[in-house]
Amino acid sequence: MNATPNENATLLNRITIDPTVCHGKPVIRGLRYPVESLLEYLAGGDSFDDMLAEFPDLQREDLQACIQFAAQSLKLRSVHFFAA
């Protein structure tokens with residue numbers, strides 16, 4: 001299911017960047033969970049349910065926001081990746 005632009009903006013509001021938190025890396029709601037780390041868990045095969053059980057202060061929408069953030073970040077870059 002595709003989110004509307006308004007829903008995407010709401011999800012992205014969960015991502016915060018503060019130079020005093022995690023060296024300015026994007027994190028979830030200032031909770032010191034770097035987006036990068038959460039994406040690595042997902043890429044490694046952890047499910048949303050696995051992660052929500054492991055990190056009880058996270059919400060499903062936080063994980064959706066990580067994926068949306070990654071997608072938006074890729075759209076902003078003009079670098080193309082080629083298989084070797």
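Listed here are the residues, each with its yes/no results for (1) part of a strand (DSSP E or B); (2) modelled with pLDDT of 90 or more; (3) exposed (fewer than 14 other Cβ atoms within 10 Å of the Cβ).
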| position | (1), (2), (3) |
| --- | --- |
| 23 | no, yes, yes |
| 42 | no, yes, no |
| 58 | no, yes, no |
| 65 | no, yes, no |
| 69 | no, yes, no |
| 78 | no, no, yes |
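Inside region 25-40, can you point out the residues that are assigned to a helix (DSSP H, G or I), among the hydrophobic types (A, V, I, L, M, F, W, C) and either surrounded by fewer than 16 Cβ atoms within 10 Å (Cβ to Cβ) or out of contact with any Phe, Trp or Tyr (no Cβ under 8 Å at 6 or more places or on another chain) (or both)? 38, 39, listed by residue number.
Of the set (1) in a loop (DSSP other than H, G, I, E, B); (2) modelled with pLDDT of 95 or more, all apply to residue 49 but (1).
The values are calculated or read from the model by the stated rules, or taken from the named source; none is laboratory data. What you are looking at is a predicted structure, and each value in this text was computed from that prediction instead of being measured. Because the Cβ atoms are built from the backbone with ideal geometry, glycine has one as well, and the counts that use them run over all protein chains shown.
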